[in-house]
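Reading through the structure tokens given below for one structure.
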Amino acid sequence: MNFTHNSRKHITKKTVAGCLCLSLAFLAAAPLSAWAGPAGDIPPAVTVPDSGTGSGPAGPGGGGSVTIPDTPPAADDSFYNQAITDPIVHPVDKYSYEQMEQDILALAARYPGRISYQTIGQTLDGRYIYDIVIGNPGAQKKILFQGAIHGREYIVVPLMMQQIEYMLAFQDSGSYLGQPLNALMGQTAIHFIPMSNPDGVALSQLGESAIRSPELLEGIRAMYAADVAEERTALPYEQYLVRWKSNARGVDLNHNFNADWESLNPTLNHGSSSDFKGSAPLSEPESQALANVIAQNGFSAVINYHAMGQVIYWDTNDNKKAAESYDMATAASGVTGYQIMGSKGVGGLKDWLQRETSPIAGITLEVGRSACPVAFSEYPAIWEQNKGIPCLFLQYILTH
């Protein structure tokens, strides 16, 4: 199967085995047929909410809890525990937009016919938003992994790029918990949008020098002055920029979706480093790009990568995919050890998708412990916790 990139512009460069109500079910499913496609650390015991009947504070089934014993499971020989010879993706602190572009090109060159990419939108400061597709692009089952919708949460970008490279490198030879990797990948179209907010990432990483547009730069300076005057920040300007979450126009993109949007921060009426919801839902090119690619593909599930807290959010008001999203959170908690949180999200991508007329199940994974930007010294632990997440959810959509 050959498929090539479709880009409007050519660019210049973890598991506790079995996760209660979800994992045991789909691991017991009939083996997947192989696809003839083109050429850790053991966690401690974790306690997750019981999936009984009725409703509880933690989830749709939640009263009480059940503890997964800390008996070491059999050695996991899955592909992500192997070593890649001469890897392309090298996770580093402040892994940049430009490095991501270079790595996308290099992966496409090394694995022709196994990866495609397209630009799905362009930011106000001229950067492209990339949708990377691996697996079987023609498959009926599709899943989206999305990250860095908040600028300062850029530690998730190398994580997602490394997840992509591992799946490509071991597509033919690798296995996941005893099943051929190519069987999973051959029956799913796997989309990754590692950097949904490239302007915000660049601004957090590099400060003012990242901004190309004089008008945008003038606006950013005015936002800082307004936030200082309103006592929304007491940080020096440089540190204010380091902690930037929004896009270059000062809109918090994860407040820019139509999920109780009107109720969000009604007194904040100007751009800011965080929390400003914009002039209307989907007012920004980045949120529009995400909405469009989701509308075009009909994803079975969407997994959102954020930082920080080592928690998993799964719920929102009027969640039409509550049971599925909670099952996904339970499974991901069993792999990562992250705590499940049932807060009612407002204005976010996950929240919007769970409420839509054609709702989509999803969760938000918050990686890291330190304040954002998460210290790069945490990256090895983040990788160990999250390396198996893509295949966990490939199995989910293939068995549900």
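The values are calculated or read from the model by the stated rules, or taken from the named source; none is laboratory data. The structure displayed is predicted, hence computed values, not measured ones. Cβ sites come from the backbone with ideal geometry, for glycine too, and all protein chains shown count toward neighbours. Surface areas here come from the heavy atoms of the whole protein model, side chains and all, with no ligands, DNA or RNA. Shrake-Rupley method; radii C 1.70, N 1.55, O 1.52, S 1.80 Å.
Annotation: of all residues in segment 252-271 being of a type in the set (A, V, I, L, M) and surrounded by 24 or more Cβ atoms within 10 Å (Cβ to Cβ), the one that is farthest from residue 215 (Cα to Cα) is 259. Checking each residue in segment 316-342 for being open to solvent by 10 Å² or more (accessible area, probe 1.4 Å), over 25 Å from residue 381 (Cα atoms) and not in a helix (DSSP H, G or I) picks out 317, 318, 319, 320, 321. Scanning segment 124-137 for residues that are under 18 Å from residue 379 (Cα atoms) and surrounded by fewer than 20 Cβ atoms within 10 Å (Cβ to Cβ) turns up nothing. The residues of segment 111-154 that are of a type in the set (S, T, N, Q) and closer than 22 Å to residue 253 by Cβ, listed by number, are 118, 119, 122, 123, 146. Exactly one residue out of 274, 279, 287 is part of a loop (DSSP other than H, G, I, E, B), under 30 Å from residue 361 (Cβ atoms), open to solvent by less than 30 Å² (accessible area, probe 1.4 Å) and not aromatic (Phe, Trp, Tyr), and it is 274. Restricting 381, 371 to those that are surrounded by fewer than 18 Cβ atoms within 10 Å (Cβ to Cβ) and in contact with a Gly (Cβ under 9 Å, 6 or more places away or on another chain) reduces the list to 381. Can you say whether residue 231 is at positive phi and either in a helix (DSSP H, G or I) or open to solvent by 70 Å² or more (accessible area, probe 1.4 Å) (or both), as far as the supplied structure shows? So residue 231 passes the test. Residue under question is residue 177, and the condition is that it be at pLDDT below 95, open to solvent by 30 Å² or more (accessible area, probe 1.4 Å) and either under 21 Å from the mean Cα position of the chain (by Cα) or hydrophobic (A, V, I, L, M, F, W, C) (or both); does it hold? The answer is yes for residue 177. Sub-6 Å Cβ pairs linking a first residue in segment 382-400 that is of a type in the set (Ser, Thr, Tyr) to a second residue that is open to solvent by less than 10 Å² (accessible area, probe 1.4 Å), at least 6 apart or interchain, are 399/26, ordered by first then second residue. Against the test of being out of contact with any Lys or Arg (no Cβ under 7 Å at 6 or more places or on another chain), of a type in the set (Val, Ile, Thr), assigned to a helix (DSSP H, G or I) and open to solvent by less than 40 Å² (accessible area, probe 1.4 Å), the options 84, 104 yield a single qualifying residue, 104. You will find that of 95, 117, the residue that is of a type in the set (Ser, Thr, Tyr), at negative phi and not in a loop (DSSP other than H, G, I, E, B) is 117 and no other. Note on segment 242-271: residues that are assigned to a loop (DSSP other than H, G, I, E, B), farther than 26 Å from residue 93 by Cβ and hydroxyl-bearing (Ser, Thr, Tyr) total 1. Here residue 344 meets the list (1) basic (Lys, Arg); (2) within 28 Å of residue 251 (Cβ to Cβ); (3) at pLDDT 95 or above almost entirely, failing just condition (3). Somewhere in segment 148-167, is a residue over 17 Å from the mean Cα position of the chain (by Cα) and not hydroxyl-bearing (Ser, Thr, Tyr)? No. Among the residues of segment 132-156, those identified as β-branched (Val, Ile, Thr) and part of a loop (DSSP other than H, G, I, E, B) are 149, 155.
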